[in-house]
Structure formats: C-alpha cells, structure tokens
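Here the structure is laid out as structure tokens; the discussion comes afterwards.
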Amino acid sequence: MKKRFSRRNILKAASVSAVSALSAGIVSGPKQANAQFSWMKPSAPAKPHGPSHVRFSPDSPSIQYHRANCERCGDCISVCRDIQTVYGHPGNFPASETPCIHCGQCTANCWANAVTERFHLQPAYNEILSNRQSGGSKKFVALIAPSVRVTLGEMFKMEPGTNVEKKLVSGLRKLGFDYVFDVTFGADLTVLEEAAELEAHLKKRAEDPKTPNVPLFTSCCPSWVRFAELFFPEVLPAVSTCKSPIMMHGAVVKTWFAKQMNIAPEDLVVMAFTPCTAKKYERTLGSGKDVDFVLTTRELGWWMQELGIDLPALEEGEFDSMLGNGSGAGVIFGNTGGVTEAVLRHIYFERTGKVPEMDFLLFTPVRGLDGLRRAEVRIGGDVLRVGLVHGTAAARKLLESGKLEELKLDFVEVMACRGGCIGGGGTPKTEIPISDALRTKRMSGLYSTDKTRTIRMSRENPELQKLYADFLKETGNELLHTAKR
Ligand code: SF4
Ligand code: SF4
C-alpha cells in the first residue's frame, strides 16, 4: 500500500531524545558533538529478496536502501524502468550488473523513504559543529543551486515557485556558514565554457567533412552523462567536457577564492545544496576535491527544520560578493531549456556584437514541458538548430531514432529529470503531488526571477569578468573540464 510522505516516516527509527538534543544545534550554540540526526541511523543491510525494489550497488555514492522501511510496492522499479528507462534495459555493462544513473527519481517517488539519497547531512553537520567546538580554522562555504530557491519553501508550507533565496542566505548563516555563494555564478561560468566549446564543435564540423554531423550535447547533468556512458557510449565524443556548474564553482572557490582570501584550500569546506542526487556521484569523479559535501534540497530543509529555523520568518540576507552572484541566464539553468537559452543569449552577442532584444531574452520556443523540443534560431546570417530533451526516456527516444544526423541539430541540451533540475530527485516531497502543475510553478519562479535581474547575460557578470581577467585568462581551463570522453 502506498504511504503518504511525512516526517514521521523519515524519523521512523528515531530516538526522540537524539532529535531533541540537537534542537538547539548551531543556531543557539552547539551542545553535543557528533550527535546523530535521527534519520541518519544506519539501516539494516539490504538483502536480495526478489525484484520488488530497485537494485543498485550498496556502495552507491548517491542513493541508499533502508530495508526496514520497504513495503515492496515496486513503485521505484516502475520509475526506474518505465520513466527513466534504466532498470531492465540492456547496455554497455555486464548482464549481471544493475545499472544506475544516480538520478534519484526512485527516492522522490518512494513514499516509505526506503530508498533515499546517500545522506551527507550528518557528516556535514558534524564538521561544522566540531570545528566550532574545537576553535578550528576551517571556513565553511555554501553553494546554492539555481532551483533550490524556488522549491525549498515547499517544506515550510510556502507556495511552490516562491523565491526564498534571500531568506535562505540568512538561514545558511545561522547553520554556521561563513560564505554563501549562488551557483548562478557557476552557471554563468558554464555558459562561457560551453558556448566556446559549441563554436569549436561547429567550426570543426564545417571544416572537416569527415566529422560526423552530430550536435554538441550538454554535460551539466551528470545523470545524463552516466546514461550516455551506460546505454549510448557512441555519443560520448560529442558530449561537452564541461563539469556541472556546481563542480566548476567549487573548483574556483578552492583555488581563486582561497588565494584571494589567503585561506589554505584544505581549510575551506565547500558544501553544495542541490536538487540533484547525481551531484553526490559527480563529486567522487576526477580529483574529487571540488566540493566536499553535496546535500539535497530535502536535506537542507530537514537540517533547518531540525534546528528550529523557520525559513519564512527569517530576515533577508545577501550572497557574498566575489564568485557569489550570477545573471538571469544563470538563474534559468534550473529549468529544462534554460541552459540552451542562456548559451544562445551569449552566442547572440558574440556573433553580432549586440545585446539581444527582449523577445530573444524571453525565447519561448525553447521553453515548455514537451519531452523533446526543437527550435531554429536565426542569429545574424546563420541558423542554429537546437534540441531540448528532458527525462531519459526522451533522450533514449532521440538516440534510438537513428535520425540524429538527419535532424542536423547543432546543440542538444539533455536533463535526466522531467522539467530539468526543478524536478530533480532531491527536491522536496510534501503533500503537494509531484506533477507537471508543480513543475510549472517552480519553472515560473525561475523565469520570474530572471526578469528581475539587471544582468541577464552571463558575459555581463562583473565577477565573472574579473575571474577571467585575473585568473582563468581564457576558456578551456582544465579546472573546469573533465578529460575528453
Ligand atoms: S523502496 Fe520504496 S518504492 Fe521501492 S519497493 Fe520499497 S517502499 Fe516501494
Ligand atoms: S537513482 Fe535513478 S537510475 Fe538509479 S535506481 Fe534510482 S531511479 Fe534508477
């Protein structure tokens, strides 16, 4: 029987005293180091008992299974197999292995909380607490992904789509963060890097007739990249090498920001707050040093609730400067189509030398919730053909169609979750049903925020300009990219 989500479910195995002991928490002065958040108690190890729930490695960096909570309803399998088209689909892996793209959609749809994100909440909390108690020298940096601002309020009974970014900044300072940065800055960084890659891709395609007529695929979504690795490895050479905006942001915090502030990189603890369980996986790739902890929007909400922080009642705060603020283009990254729209704004200026007109800034052909969308964009004398895909079923449909070359697409944005990051596997689960109506409200929250920003294009972000002038110098810095796939 399907069970409605409630905090009681999360706290099922809770010792009430442990919860109470933390209630004062960081806000009013920590009392107890390394105390356990109630929902962090280890569950019984998973044992195979028939195909009633999704299977993934017990070492998964992104999700975990809590056997005692499982009602064997099979909802997670349905989501993984039928919506995400992962479970049960053959691919580039031994038949004995169970594929997982770390999307977390099973966690968003398991109302018994038997499959959840791999929690970083407890160690993150302990890190801040023990540093404070020991008088340590560590400084804590919070990175806020674009979609968190329009979804977190749902956990505090606010209307979906309400932008809580300023209150959230205050809340994070109460949790003990020394610096609070907006990942819209990391998104702006991604726009410049990905646009440069796109232009190089198109140039190569035009100059070398042997180059396959395939588009450049985005790489902001690590679940999509993993999906391609597992099921469509042949497209990998055409997938951008850009790290996700969060990892790019973390990388420059640990280098440029550390240098500017005269803080040893090992003394900077970077925690990212994101709608995405797959960022927990992406964090482990490469050097694994860009970001130290990745918490979902849900984990952030639980942390604040547990410490008695009432988000709606908080005063408004401001993001820290230097790497802290992004453009409107960076804000819409959280929506399907947002990356494309942001990149197009940038390319428009680069090719024409003009700031795009308002109807270009509100480029409706790339907006919406159709799983597969196409648009032709005239910029100067050229036409750019873009494709928008959200949900891995739609990506599978496109890649299995055999029509990729025929479509003559130049740029394809893929997001593994329906709606893009606003529908991510780590977004809040409340009484509000997960539906396109909810996704639309969240998307509207980001589009409205974009309209209020005085800076709408990534290239106009003065903090970004300073970063390139003083540190990165030009696009393509290896700090921001993975090795060619
Ligand atoms: S993990 Fe959750 S969704 Fe999957 S079978 Fe168990 S209770 Fe159902
Ligand atoms: S995280 Fe995504 S791919 Fe992995 S088991 Fe859950 S639904 Fe399937």
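The values are calculated or read from the model by the stated rules, or taken from the named source; none is laboratory data. Owing to the predicted nature of the structure, the values given are computational and were not obtained by experimental measurement. Neighbour counts run over all protein chains shown; Cβ positions are idealised from the backbone, glycine included.
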request  = Working only within segment 103-142, note down all residues that are surrounded by fewer than 18 Cβ atoms within 10 Å (Cβ to Cβ) and hydroxyl-bearing (Ser, Thr, Tyr).
outcome  = Ser130, Ser134, Ser137
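Checking the condition modelled with pLDDT under 95 and hydrophobic (A, V, I, L, M, F, W, C), which residue from Val148, Val164, Val214 passes? Lay out the reasoning, then the answer.
Numbers: Val148 fails: modelled with pLDDT under 95; Val164 fails: modelled with pLDDT under 95.
The conditions single out Val214.
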Selection within segment 51-70 - surrounded by fewer than 19 Cβ atoms within 10 Å (Cβ to Cβ) and among the small types (Gly, Ala, Ser) = Ser52, Ser57, Ser60, Ala68
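Out of the residues in segment 180-210 that are surrounded by 13 or more Cβ atoms within 10 Å (Cβ to Cβ) and not in a helix (DSSP H, G or I), state the one that is nearest to the chain's Cα centre (by Cα). Before the answer, list the steps.
Our first condition is that a residue be surrounded by 13 or more Cβ atoms within 10 Å (Cβ to Cβ); within segment 180-210, this holds for 180-202, 205.
With the extra rule that they be not in a helix (DSSP H, G or I), the set shrinks to 180-183.
On the way: Val180: 17, Phe181: 15, Asp182: 13, Val183: 10 Å.
Ranking the candidates gives Val183 first.
Conditions tested, residue by residue: (1) more than 24 Å from Ala393 (Cβ to Cβ); (2) within 12 Å of ligand 2 (Cβ to nearest atom); (3) not hydrophobic (A, V, I, L, M, F, W, C).
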position: Glu71; (1), (2), (3): yes, no, yes
position: Val79; (1), (2), (3): no, yes, no
position: Ile83; (1), (2), (3): no, yes, no
position: Pro94; (1), (2), (3): no, no, yes
position: Val115; (1), (2), (3): no, yes, no
position: Ala124; (1), (2), (3): yes, no, no
ask   = Among Lys210, Lys280, Lys254, Lys289, which is the only one that is free of Cβ contacts under 8 Å to residues at least 12 places away in the same chain and either charged (D, E, K, R) or over 27 Å from Thr340 (Cα atoms) (or both)?
value = Lys210
ask   = Restricting attention to segment 78-97, and to residues there that are within 14 Å of ligand 1 (Cβ to nearest atom) and surrounded by fewer than 20 Cβ atoms within 10 Å (Cβ to Cβ), which single residue is nearest to Cys276 (Cα to Cα)?
value = Ile83
note = For segment 70-97, pairs from a residue that is in contact (Cβ under 8 Å) with a residue 24 or more places away in the chain to a residue that is charged (D, E, K, R), with Cβ under 6 Å and 6 or more apart or across chains, are Thr85/Arg396; Tyr87/Arg81
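Looking at segment 34-45, is at least one residue farther than 26 Å from Gly424 by Cβ, within 16 Å of ligand 1 (Cβ to nearest atom) and at pLDDT below 90? Show your work before the answer.
Keep residues of segment 34-45 that are farther than 26 Å from Gly424 by Cβ, which gives 34-36, 44-45.
Then keep just the ones that are within 16 Å of ligand 1 (Cβ to nearest atom); that gives 44-45.
Applying the additional criterion that residues be at pLDDT below 90 yields 44-45.
Within segment 34-45, one or more residues are farther than 26 Å from Gly424 by Cβ, within 16 Å of ligand 1 (Cβ to nearest atom) and at pLDDT below 90.
How many residues does segment 215-270 hold that are in a helix (DSSP H, G or I), farther than 25 Å from Phe293 by Cβ and of a type in the set (A, V, I, L, M)? First the steps, then the outcome.
Pass one, segment 215-270, residues in a helix (DSSP H, G or I): 222-231, 233-238, 245-261, 265-267.
Okay, now just the ones that are also farther than 25 Å from Phe293 by Cβ, so 228, 230-231, 233-238.
Restricting the remaining residues to those that are of a type in the set (A, V, I, L, M) gives 228, 230, 235-236, 238.
Number of matching residues: 5.
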Residues of segment 125-144 classified as more than 14 Å from Leu172 (Cβ to Cβ) and in contact with a strand residue (DSSP E or B) (Cβ under 9 Å, 6 or more places away or on another chain), total = 3
request  = From (1) touching a strand residue (DSSP E or B) at 6+ places or on another chain (Cβ under 9 Å); (2) modelled with pLDDT of 95 or more; (3) of a type in the set (A, V, I, L, M, F, W, C); (4) surrounded by fewer than 17 Cβ atoms within 10 Å (Cβ to Cβ), pick out the condition that doesn't hold for Ala313.
outcome  = (1)
inquiry  = I need the full set of residues from segment 397-426 which are surrounded by fewer than 24 Cβ atoms within 10 Å (Cβ to Cβ) and touching a Phe, Trp or Tyr at 6+ places or on another chain (Cβ under 7 Å), in order please.
reply    = Leu399
